[in-house]
């Protein structure tokens, strides 16, 4: 069934090109994807991310439940509003989804999951929750908007000046509740800004005020090139249920510190860690003319690998990719990528190409 966000009519009225994304009718761009990309890197742009699902978690065993459910450890969260990024795993270590958890108390959290996996995620959470005194409440009554860019926060405060006092001191990966909204200093672009959750009925008004404050509407096309430049994984491309976080550049999200914590997938990941030949997850910068895409073979001195995401980088004016490569491949190595029956040269780099408005290479 095709679904629409509370901002669908707003996108259509603005002339957006609408495409199907995970069963949702979403704007891919409003004319020029490259202009939208540059707006976020250089000024401020915004995205409708209401297709993602917020899930409210409550109950006296919420903390224990999340410590079982997630590979990262929510015990780190002690300040109300603080957020944590984590993978949710199968028993074999495969990634069911990556998500963000917001902490309000040991008995109250909010979880935000991806659109394409939302129903699967909720079913898995409820299965694990059967052994805990918790409740899970999906919040499809909310709309979510991401305002991103070096000027994003100032433009948000121009639109909503009374929110400044509550949000000006927010640290990165921290959120505040304000007037029925959740305002989080998080994002998926490599730029500063806010992700806000508001009642669905207020979404169109909020969007219009942000436009009036100079925030440029952007579609999913720019969101994808921005996150790729920032070296951020996309579920379903860079990792999925057949891949584990240790070989997907996400080892930093797996917390083994508390030996007594038995999270789902721990045993499988612990066994993987004992291997000496784990695949590595790095970036590629194409040196020859061509375009990197997902699922292209990468030929290295250590064996073959594969690109997982690839595109033209508007910031670098060059083609880039993320790739899962054999153990031993390192930044600075030169490899070859199979593109249209040709082997083209590429340089292996750390998988952060651009953020904070500029190249990181």
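The set of residues in the range 333-359 that are closer than 30 Å to residue 152 by Cβ and either modelled with pLDDT of 90 or more or part of a strand (DSSP E or B) (or both) comprises 349, 350, 351, 352, 353, 354, 355, 358, 359.
When residue 119 is tested against the conditions (1) surrounded by fewer than 19 Cβ atoms within 10 Å (Cβ to Cβ); (2) in contact (Cβ under 8 Å) with a residue 12 or more places away in the chain, the lone failure is (2).
Okay, residues lined up against (1) buried (at least 21 other Cβ atoms within 10 Å of the Cβ); (2) more than 16 Å from the chain's Cα centre (by Cα); (3) at pLDDT below 95:
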site: 241; (1), (2), (3): no, yes, no
site: 244; (1), (2), (3): yes, yes, no
site: 248; (1), (2), (3): yes, no, no
site: 251; (1), (2), (3): no, no, no
site: 256; (1), (2), (3): no, yes, no
site: 268; (1), (2), (3): no, yes, no
site: 276; (1), (2), (3): no, yes, yes
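Could you tell me whether residue 319 is without any contact (Cβ under 8 Å) to a residue 40 or more places away in the chain and surrounded by 22 or more Cβ atoms within 10 Å (Cβ to Cβ)? The answer is yes for residue 319. Does the range 50-64 contain at least one residue that is assigned to a strand (DSSP E or B), closer than 22 Å to residue 135 by Cβ and out of contact with any strand residue (DSSP E or B) (no Cβ under 9 Å at 6 or more places or on another chain)? No, every residue in the range 50-64 fails to be assigned to a strand (DSSP E or B), closer than 22 Å to residue 135 by Cβ and out of contact with any strand residue (DSSP E or B) (no Cβ under 9 Å at 6 or more places or on another chain).
Against the definition (buried (at least 20 other Cβ atoms within 10 Å of the Cβ) and out of contact with any helix residue (DSSP H, G or I) (no Cβ under 6 Å at 6 or more places or on another chain)), how does residue 234 come out, yes or no? So residue 234 fails the test.
Scan the range 75-85 for residues that are more than 25 Å from residue 267 (Cβ to Cβ) and part of a strand (DSSP E or B) and the total you get is 2.
Taking helices (runs of 4 or more DSSP H) as the structural unit, those lying wholly within the range 98-173 and holding at least 1 residues that are within 18 Å of residue 61 (Cα to Cα) and modelled with pLDDT of 95 or more correspond to 118-129. Note on the range 224-330: enclosed strands (runs of 3 or more DSSP E) holding 2 or more residues that are farther than 30 Å from residue 33 by Cβ are 297-300, 303-313.
Just a yes or no: is a residue in the range 183-192 without any contact (Cβ under 8 Å) to a residue 40 or more places away in the chain, surrounded by 22 or more Cβ atoms within 10 Å (Cβ to Cβ) and not in a loop (DSSP other than H, G, I, E, B)? Within the range 183-192 (the criterion being without any contact (Cβ under 8 Å) to a residue 40 or more places away in the chain, surrounded by 22 or more Cβ atoms within 10 Å (Cβ to Cβ) and not in a loop (DSSP other than H, G, I, E, B)), the answer is yes, since at least one residue qualifies.
Taken over the range 86-97, the residue count meeting the criterion of being touching a helix residue (DSSP H, G or I) at 6+ places or on another chain (Cβ under 6 Å), on the phi < 0 side of the Ramachandran plot and either outside any strand (DSSP E or B) or modelled with pLDDT under 95 (or both) is 1. Residue 305 - would you say it is touching a helix residue (DSSP H, G or I) at 6+ places or on another chain (Cβ under 9 Å), modelled with pLDDT of 95 or more and either surrounded by fewer than 19 Cβ atoms within 10 Å (Cβ to Cβ) or at negative phi (or both)? When the stated conditions are applied, residue 305 does not pass them. Can you spot a residue in the range 31-44 that is assigned to a strand (DSSP E or B) and either surrounded by fewer than 15 Cβ atoms within 10 Å (Cβ to Cβ) or in contact (Cβ under 8 Å) with a residue 40 or more places away in the chain (or both)? The answer is no, given that none of the residues of the range 31-44 is assigned to a strand (DSSP E or B) and either surrounded by fewer than 15 Cβ atoms within 10 Å (Cβ to Cβ) or in contact (Cβ under 8 Å) with a residue 40 or more places away in the chain (or both).
Among residues of the range 8-30 being free of Cβ contacts under 8 Å to residues at least 24 places away in the same chain, assigned to a helix (DSSP H, G or I) and touching a strand residue (DSSP E or B) at 6+ places or on another chain (Cβ under 9 Å), the one that is farthest from residue 118 (Cα to Cα) is 12. For the range 51-73: of the residues being closer than 16 Å to residue 251 by Cα and touching a helix residue (DSSP H, G or I) at 6+ places or on another chain (Cβ under 7 Å), which is surrounded by the most Cβ atoms within 10 Å (Cβ to Cβ)? Here the residue is 71. When restricted to residues that are surrounded by fewer than 19 Cβ atoms within 10 Å (Cβ to Cβ), touching a helix residue (DSSP H, G or I) at 6+ places or on another chain (Cβ under 7 Å) and either modelled with pLDDT under 95 or within 17 Å of residue 5 (Cα to Cα) (or both), the range 197-231 contains 1.
The values are calculated or read from the model by the stated rules, or taken from the named source; none is laboratory data. From a predicted model like this one, the values you see are computed outputs, not experimental measurements. Virtual Cβ from ideal backbone geometry, glycine too; neighbours counted across all protein chains shown.
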